[in-house]
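Enquirer: Let me begin by handing over the structure; questions about it come next.
Here, each number is a calculation from the coordinates, and none is a lab measurement. From a predicted model like this one, the values you see are computed outputs, not experimental measurements. A quick note on method: Cβ atoms are made from the backbone with ideal geometry, for glycine too, and the neighbour counts reach across all protein chains shown.
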Amino acid sequence: MPQRTIRMPIRKLRSPGTSLIRDTDVGAVIGFLTLVVVGMWWHHGGMIGFGNSMVLRMTALDQITGLLCSEAGLLGLILVTRTPLLERKYGLDRLLNWHRLLGVAMSLLLILHIVFSVWAWSIPGGVFNAVKSLTGGESYMALTAVGTLFVLLVTLSSLKWFRNQLSYEMWYFIHLTVYVGLAMSFSHQIVLGSDFATDKFARWFWVGLHVVIISWIIWSRWGSLVRASVRPLRVASVTHEAQGVTSVVLQGSHLQQHRAQAGQFYLLRQVVRGRWWQANPFSLSSVPTTAGLRFTIKARGEASEAMTKIRVGTKVIAEGPYGVCTPDAVGDKKALLVAGGVGIGPIVSYLEHLKPSSEPIVLYRAHSDKEVSHLEEIEALVKERNGRVHTLIGPRAKLKVADPFSPNVLLKLIPDLASRVVMVAGPESMVKAVQRGSKAAGVPSENIHAERAWW
Amino acid sequence: MSQNRPPIGRQSKPTFARQVMPAVALTAVGVGFVSLLDGSTSGSVGQTAVAMNPVVDPNAPTTIVADPNATAPAAQPTNTTLAPTPVPATATPVTAAPANATPVTAAPANSGACDGDVVTSPSAQFRYGVIQLQTQFTTANVLCNVTVLQFPNDRRTSVQINNYALPIYNQEAVQNHSAKIRAISGATYSWQAYVAALQAVLDSRP
């Protein structure tokens, strides 16, 4: 007798679909906020008295830099909502990069704001008195001064040099204090900022804008974490692929309703004592199906090593999927897929998704035979699609050519390179080398796609 | 239906209207918002106020009035007075100072009677309007009286804030005989303009 449980047929997960947002919409929102902020400043006095005296000039400047600093902060906060509207258009890696740039802009404006404020207040009392007033003399300024220190500390911790000294988790928890810092300095905008202290309408708009964006973060960012935690996936199998490389399959009954696409990545968090607070990005290494999500993980650091040693049955909280570098970019063209090391994971998922007409060529770069994984799988997939695989294995010094991704070498290997769509996954240096080489070989830059966010 | 959505990152080319409409709509909202700020008429009132009180460079020579009795409240019993009229020519300073601004008769030993030069300050323009002071000095050149000739009164909040703060600033200025005055929370911009105006007068004195 057959089992009475109904088994759903295994099928590919549906695609998350694209965003409705256009580049022009993003421009319109940034323009709107800037218009409102500068308009408010102008309407409340703006440049009046600008040529008259240093006090008035500095006051006007400290106002506008303060307002623009807030605007940059608010835009940066919108990016960390990871809203699908933006994420499915630009990809999480780009959003986080813009977030970083806005953070730098905010801090520079903040420093200008401080300089102009102290300058304005130091007339006629002197710099010492100005600093005294601005760190405690004025109402709410003590709170604001501490908040400012938090914000500057967070910026400092994100500078490349400091960032490299800190573990990811340490950096992340420092980063969270930015919320405290922003909250602490918000009061002085309302009480002392002349745009809000006396103009009720402007005040309600400004407070409302902050409330909306904070609620958005709570709903979208923290809400997605809560939703992923409520329905965790479980490790269904762990397979040793190569030295230090493991593939992990995650399953869950709710995958039926889940949407994901080959080439995307997840933030994985294993629910194990001492690990649950670490989330790290990993790319899918096969087309996501209702049977499970497969990730190929290499032990490269403390956190990813723990992930390779995960046990079957462990609960995993998977936030995502994120990323817009998917094999759909190939369309009806032919493809060149370049993998470096564990970058082979996403390349396998791309391959599985490609049509036979794409005649994919795979270049697989690895430092030693022991590192090579999924090779048989790739050979089978490539054969079905009339493509071929080239492996470049060995340390750089032992390769026959100095730069395997120079345009000459690439063209010799792949004469029709210029008409192909190039997709790269691997270490940053290799991604750059491939981008440079294929661009020089005549591939238009819109046909070169790279994923860097995975580990 | 949802499966017909285009895949991630691939969008059909938007129409011109689709590209332009959000920008136009948001610009309209933004302009509407800014023009609604602080009451819909404040913009024009502010402009009139500026037109009525042309900007005076604080570094320009200050007016020294020869006959104090012509415009100055020299004979007034209190030293702190506040004139809520915006036009200096017709200013008749009144002693309607709020209750918490107690009249000060601080007369240090060396200052003598308050019957020296009357000096009108330049108009110090700031975000909310103009502050102009009339000061009086003793024959020994000590600041002994300050009257506010002009302050921003086109907005209700400006009047409230200044009615409260300016008498206190007057009082402190006379007590200290200088522009070293503590700012009052909420009246910081008035304070900056007040100090700028007073400092300009003091700088012009020998």
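Enquirer: On a 0 to 90° scale, report how tilted helix A:200-217 is relative to the longest principal axis of chain A, with both axes built from alpha carbons and the result rounded to the nearest 10.
Expert: Roughly 20 degrees between the two axes.
Enquirer: Report, to the nearest 10°, how far helix A:375-384 tilts away from the longest principal axis of the Cα atoms in chain A, using its own Cα long axis and a range of 0 to 90°.
Expert: Once rounded, one gets 80 degrees.
Enquirer: Pairing the Cα long axis of helix A:92-121 with the longest principal axis of chain A, what angle in degrees results, from 0 to 90 and rounded to the nearest 10?
Expert: Orientation of helix A:92-121: about 20 degrees from the principal axis.
Enquirer: I've got another one for you. Report the Rg/Rh value for region A:323-393, based on alpha-carbon coordinates and the Kirkwood definition of Rh. Working shown, then result.
Expert: Details: Rg = 11.5 Å, Rh = 12.1 Å.
Here the Rg-to-Rh quotient is 0.95.
Enquirer: Determine ³J(HN,Hα), in whole Hz, for all residues of region A:141-148 in sequence, where each value follows from phi through the Karplus function 6.51 cos²θ - 1.76 cosθ + 1.60 and θ = phi - 60°; x replaces Gly and Pro.
Expert: Running phi through 6.51 cos²θ - 1.76 cosθ + 1.60 with θ = phi - 60° gives 6, 4, 4, 5, 4, 5, x, 4 Hz.
Enquirer: Same structure, new question: Add -39500 (n - 2.57) for each DSSP H run of 4 or more in chain A, then divide by its residues: what number comes out at 222 nm, to the nearest 500 deg cm²/dmol? Provide the component values of the computation, followed by the final result.
Expert: Values: 16 runs with 216 residues, N = 455.
Here the helix-only value at 222 nm equals -15000 deg cm²/dmol.
Enquirer: Additional query: Ratio of region A:99-146's C-alpha Rg to 2.2 N^0.38 Å, to two decimals?
Expert: Numbers: Rg = 12.4 Å, N = 48, 2.2 N^0.38 = 9.6 Å.
This ratio for region A:99-146 stands at 1.30.
Enquirer: Can you list which of the chymotrypsin sites (Phe, Trp or Tyr not before Pro) found in region A:253-307 are DSSP loop residues with at most 10 other C-beta atoms within 10 Å?
Expert: Details: sites: A:Phe265, A:Tyr266, A:Trp276, A:Trp277, A:Phe282, A:Phe295; in loops: A:Trp276, A:Trp277.
Those that pass, being in a loop and sparsely packed, are A:Trp277.
Enquirer: Here's something else I'd like to know. Given the C-alpha centroids of region A:300-337 and region A:102-154, what is the distance between them in whole angstrom?
Expert: 44
Enquirer: Going by the alpha-carbon gyration tensor, a ≥ b ≥ c the square roots of its eigenvalues, is chain A rounded (a/c under 1.5) or, if a/c is not under 1.5, prolate (a/b greater than b/c) versus oblate? Show your work: numbers first, answer last.
Expert: Values: a/c = 2.32, a/b = 1.90, b/c = 1.22.
It is prolate, given that a/c is not under 1.5 and a/b is the larger ratio.
Enquirer: Count neighbours as other Cβ atoms within 10 Å of each site's Cβ, and list the trypsin sites (Lys or Arg not before Pro) in region A:271-333 that are DSSP loop with at most 16 such neighbours.
Expert: Working: sites: A:Arg273, A:Arg275, A:Arg294, A:Lys298, A:Arg300, A:Lys309, A:Arg311, A:Lys315, A:Lys333; in loops: A:Arg273, A:Arg275, A:Arg300, A:Lys309, A:Arg311, A:Lys333.
Hits after loop and neighbour filter: A:Arg273, A:Arg275, A:Arg300, A:Lys309, A:Arg311, A:Lys333.
Enquirer: So, one more: In vacuo Debye scattering of region A:327-451, one point per C-alpha: log10 I(q)/I(0) at q = 0.15, 0.22 Å⁻¹?
Expert: Calculated log10 I(q)/I(0) at the listed q: -0.60, -1.40.
Enquirer: Next up: Could you tell me what fraction of 2.2 N^0.38 Å the Cα radius of gyration of region A:23-227 comes to, as a two-decimal ratio?
Expert: 1.07
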